[in-house]
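Worksheet: the structure to be examined is printed underneath.
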Amino acid sequence: MYDKLLEINNLHVNYKTADDVVYAVNGLNLSVRKGETLGLVGETGSGKTTVALSILKLLPEKIGFISNGRIWFESVDITKTSEKEMRRVRGEQISMIFQDPMTSLNPTIRVGEQIAENLLLHKKDMTKKQISDRVDEILRLVGLTKEKKNDFPHQLSGGMKQRVVIALALACEPKLLLADEPTTALDVTIQAQVLSMMHKLKEKLDTSMILITHDLGVVANNCDRVAIMYAGQIIEEGNIRDIFTAKHHHPYTLGLFGSIPDMSKKTRRLAPIDGMMPDPTNLPDGCHFWPRCTDRMDVCKMCEPNPCYKDTHMIKCHLYKDLYNERGKDYIVGKDE
Amino acid sequence: MSKTLIQTNNLKKYFQTPIGMLHAVDDVNISINKGETLGVVGESGCGKSTLGRTILRLIEATSGEVLYNGENILKYDKNRLFEIRKRMQIIFQDPYASLNPRMTVSEIITDPIRVNKTLSDKKSISDKVSELMEIVGLAERFVNTYPHELDGGRRQRIGIARALALGPEFIVCDEPVSALDVSIQAQILNLLMDLQEKEGFTYMFITHDLSVVKHISDQIAVMYLGQCVEIAKADELFMNPLHPYTQALLDAIPVPNLSLLGKEKKLIEGEVTSPINPIQGCRFYARCPLSKKECLGSLIPLKEVAPSHYVSCVLCI
């Protein structure tokens with residue numbers, strides 16, 4: 001059996017504002033195995049970052065709530081963990097790389113001290129000398145010279161800052177790394193450098209990773225498994241071959257691929273999805289994608305589809321439910337949890 | 001043959017900084033044919049936006065010429081510039097920052113008409129607004145909304161409608177889709193291409209995204225630290241990139257296609273060096289895997305190595 005490191009069951013997250021309730025995550029199931037990289041793909045507002053914040057219990061206080069569901073990390077239910085215990089988990093067991101390296105470092109503290117702070121909090125038995133050596137070592141791992149530890153963040157370029165942020169996240173060798181769009185703010189050549197470095201480090205430290213991104217190219221090059229999110233749910237999931245080479249997909253996934261200019265083919269027009277993301281305060285009934293879907297049927301407007309499985313490939317769409325049509329015959333309908 | 005609409009000759013823009021001259025645009029020679037699209041690609045800080053703005057004279061050039069239909073617009077006085085500006089417009093990168101939050105959609109779209117007094121009576125102005133909103137695909141009901149009520153894709157459509165208000169010939173698109181999600185990005189790209197086919201616009205399309213630039217451009221210019229290092233037809237550039245920087249840039253794109261995964265990639269080391277007091281010779285020298293001593297010393301000119309394929313690299317001379 002595979003060892004599951006993280007398992008999310010039927011997660012619901014709401015944000016309560018003065019006027020509305022924002023339904024950010026709506027019944028999400030997801031699991032991460034030891035040592036694997038899971039790509040979490042979706043557009044702005046699909047709830048990717050909310051999932052990451054829920055795992056760390058960093059949802060904004062008094063606004064964001066986990067209204068239902070369980071998050072199992074190893075054998076601990078994070079939704080039931082106290083704040084005091086969570087502090088030991090964050091940074092040591094699970095750590096996060098935030099999207100914007102420019103704003104995720106403290107501008108008044110030297111980068112070396114920021115990395116050391118993490119070690120000071122979590123590795124109480126380390127001596128000063130050991131901590132300083134560890135900072136030098138981790139900087140070398142992310143491709144920076146140890147002299148850089150005396151610099152302030154503003155003295156570093158965007159790519160270097162992101163390397164420092166990665167060093168910070170990896171300092172305690174966490175079991176799970178949540179990388180929220182780690183390279184979106186970087187140029188392509190720097191992005192390629194940072195991604196290849198992250199990949200090597202992950203192998204070396206045997207860390208599991210959730211890579212949150214909207215770039216399918218980044219996913220193809222870095223992930224073992226992919227989950228595609230829409231309006232707070234996983235609508236398609238599978239290993240990398242299922243998503244990139246299988247014949248059948250969720251209509252939304254097809255739209256996502258149709259929106260990227262294909263460099264190997266000459267097409268004059270892209271095939272984007274019409275319309276936009278539904279308003280998360282007022283989600284449509286049934287399948288949340290139906291107002292934009294080209295293959296919609298009457299049943300889509302009424303009831304939410306169950307996940308349909310073919311080996312490792314899961315598609316949450318009514319089209320794959322029917323055993324007797326061409327698409328549905330390979331897929332087995334699963335039960336909704 | 002198609003006619004050249006925009007041409008720059010040895011265009012330079014330097015900025016004075018406390019520690020020396022910043023060479024933002026240095027000796028750039030490009031030309032764009034009427035009805036075609038020139039894509040300008042490069043990493044942040046390579047001077048691509050400054051180039052676009054210098055061509056429109058939103059920033060005054062240090063030296064060189066910008067020819068519009070053969071006339072040097074850098075020599076134009078205030079009145080003639082005012083006239084020519086109706087023919088040249090810009091779409092900005094950030095649809096959140098480039099719209100006045102205190103103006104309604106219709107006020108934003110009619111602002112260029114008001115400033116240039118092309119239409120005077122209220123009826124024809126409101127007809128024009130409806131027409132422009134229909135062209136860019138904005139529903140009529142948004143006419144009195146404020147930008148903050150709309151999402152990024154719709155805001156960018158307002159920016160496009162504003163650029164079209166005076167009936168321009170030439171539009172500089174300064175990263176018009178980089179702040180948008182992929183599915184919205186594709187909608188906007190399709191819109192820009194439809195408009196070009198219908199109205200015969202000439203675009204200068206500035207972006208850092210190579211897959212977008214290939215899709216939309218006829219010609220592509222690759223910039224590095226203020227200089228144009230390679231210019232070629234879009235297909236030619238992707239099939240046969242000659243400058244080591246272009247090759248590295250193409251290799252660095254993550255391709256959403258598993259069959260290309262095994263391919264060995266040439267990643268370049270290091271980061272973009274400072275454009276302040278740059279070295280003499282090839283500016284890519286410090287990061288180039290193929291650098292040799294001939295690269296330094298003198299300026300390396302753009303050389304035509306194949307029909308309409310220009311490269312500035314000692315390896316190609």
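The values are calculated or read from the model by the stated rules, or taken from the named source; none is laboratory data. Just so it is clear, the model here is predicted, and its values are computed rather than measured. As a convention, Cβ positions derive from the backbone with ideal geometry for all residues, glycine included, and neighbour counts pool all protein chains shown. Only protein heavy atoms, including side chains, enter the accessible area calculation; ligands, DNA and RNA are left aside. Shrake-Rupley method; radii C 1.70, N 1.55, O 1.52, S 1.80 Å.
Can you name every one of the helices (runs of 4 or more DSSP H) wholly within region A:94-174 that holds 3 or more residues which are of a type in the set (Val, Ile, Thr)? I'd like the intermediate steps shown before the answer.
Numbers: elements: A:111-122, A:128-141, A:158-170.
Result: A:128-141, A:158-170.
Determine whether B:Val255 is within 12 Å of chain A (Cβ to nearest Cβ), surrounded by 17 or more Cβ atoms within 10 Å (Cβ to Cβ), of a type in the set (A, V, I, L, M, F, W, C) and without any contact (Cβ under 8 Å) to a residue 12 or more places away in the chain.
Taking the combined requirement at face value, the residue satisfies it.
Conditions (1) in a loop (DSSP other than H, G, I, E, B); (2) among the polar types (S, T, N, Q), marked per residue:
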position	(1), (2)
A:Val25	no, no
A:Ser31	no, yes
A:Glu43	yes, no
A:Ser54	no, yes
A:Glu61	yes, no
A:Ile66	no, no
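Of the residues that make up region B:279-295, is at least one exposed (fewer than 14 other Cβ atoms within 10 Å of the Cβ) and under 30 Å from B:Asp181 (Cα atoms)?
No - not one qualifying residue is present in region B:279-295.
In region A:200-242, which residues are open to solvent by 30 Å² or more (accessible area, probe 1.4 Å) and of a type in the set (A, V, I, L, M, F, W, C)?
A:Leu205
Look at region B:143-162 and say how many of its residues are among the polar types (S, T, N, Q) and either more than 14 Å from every other protein chain (Cβ to nearest Cβ) or more than 16 Å from B:Leu189 (Cβ to Cβ) (or both). Spell out how you get there, then give the answer.
Keep residues of region B:143-162 that are among the polar types (S, T, N, Q), which gives B:144-145, B:156.
Filter once more, keeping what is either more than 14 Å from every other protein chain (Cβ to nearest Cβ) or more than 16 Å from B:Leu189 (Cβ to Cβ) (or both): B:144-145.
So the count comes out to 2.
Looking only at region B:14-47, filter to residues that are closer than 18 Å to B:Tyr224 by Cβ and small (Gly, Ala, Ser); which one of those is nearest to the chain's Cα centre (by Cα)? Give the derivation first.
Quick first cut of region B:14-47, residues closer than 18 Å to B:Tyr224 by Cβ only: B:14-15, B:21-30, B:38-47.
Narrowing the set further to residues that are small (Gly, Ala, Ser) leaves B:24, B:39, B:42, B:44-45, B:47.
Details: B:Ala24: 15, B:Gly39: 6, B:Gly42: 10, B:Ser44: 13, B:Gly45: 14, B:Gly47: 10 Å.
Here the residue is B:Gly39.
How many residues are out of contact with any strand residue (DSSP E or B) (no Cβ under 8 Å at 6 or more places or on another chain), open to solvent by less than 40 Å² (accessible area, probe 1.4 Å) and modelled with pLDDT of 90 or more when one looks only at region A:93-113?
Count: 3.
Being farther than 24 Å from B:Val182 by Cα and outside any helix (DSSP H, G or I) is the filter; apply it to region A:175-199 and report the residue that is most open to solvent (accessible area, probe 1.4 Å). Walk me through how you get there before you give the answer.
Going through region A:175-199, the residues farther than 24 Å from B:Val182 by Cα turn out to be A:175-177, A:197-199.
Then keep just the ones that are outside any helix (DSSP H, G or I); that gives A:175-177.
Working: A:Lys175: 84, A:Leu176: 0, A:Leu177: 10 Å².
Across region A:175-199, the extreme among qualifying residues is A:Lys175.
I'd like to check which helices (runs of 4 or more DSSP H) are fully inside region A:225-334 and have at least 1 residues that are away from chain B (no Cβ under 13 Å). Show your work before the answer.
On the way: elements: A:240-245, A:251-259, A:298-302.
Where helices (runs of 4 or more DSSP H) fall fully within region A:225-334 and carry at least 1 residues being away from chain B (no Cβ under 13 Å), they are A:298-302.
Would you check if A:Lys149 is modelled with pLDDT under 90 and either in contact with a Lys or Arg (Cβ under 8 Å, 6 or more places away or on another chain) or over 22 Å from A:Lys200 (Cα atoms) (or both)?
Details: modelled with pLDDT under 90: no; either in contact with a Lys or Arg (Cβ under 8 Å, 6 or more places away or on another chain) or over 22 Å from A:Lys200 (Cα atoms) (or both): yes.
So A:Lys149 does not fit the description; no.
Can you confirm whether B:Ile184 is part of a helix (DSSP H, G or I), closer than 23 Å to B:Glu107 by Cα and of a type in the set (Val, Ile, Thr)?
Details: part of a helix (DSSP H, G or I): yes; closer than 23 Å to B:Glu107 by Cα: no; of a type in the set (Val, Ile, Thr): yes.
Here the answer is no, as B:Ile184 does not meet what is asked.
Which residue is farthest from the chain's Cα centre (by Cα), if the candidates are limited to region A:204-224 and must be part of a strand (DSSP E or B) and away from chain B (no Cβ under 13 Å)? Give the derivation first.
Pass one, region A:204-224, residues part of a strand (DSSP E or B): A:208-213.
If we keep only those that are away from chain B (no Cβ under 13 Å) as well, we get A:208-210, A:212.
On the way: A:Ser208: 12, A:Met209: 8, A:Ile210: 5, A:Ile212: 3 Å.
The extreme case among them is A:Ser208.
Scan B:Leu237, B:Leu225, B:Leu210, B:Leu249 and give me the residue that is of a type outside the set (Gly, Ala, Ser), more than 8 Å from chain A (Cβ to nearest Cβ), closer than 27 Å to B:Gly281 by Cβ and touching a helix residue (DSSP H, G or I) at 6+ places or on another chain (Cβ under 9 Å). Outline the logic, then answer.
Working: B:Leu225 fails: touching a helix residue (DSSP H, G or I) at 6+ places or on another chain (Cβ under 9 Å); B:Leu210 fails: more than 8 Å from chain A (Cβ to nearest Cβ); B:Leu249 fails: more than 8 Å from chain A (Cβ to nearest Cβ).
On inspection, the qualifying residue turns out to be B:Leu237.
Taking the residues in region A:1-40 that are among the hydrophobic types (A, V, I, L, M, F, W, C) and open to solvent by 70 Å² or more (accessible area, probe 1.4 Å) as candidates, determine which candidate is modelled with the lowest pLDDT.
Taking the candidates together, the pick is A:Met1.
Here are the criteria: (1) more than 11 Å from every other protein chain (Cβ to nearest Cβ); (2) closer than 21 Å to A:Ala271 by Cα; (3) of a type in the set (Gly, Ala, Ser). Tell me which single one B:Ala165 does not satisfy.
Answer for B:Ala165: the failing condition is (2).
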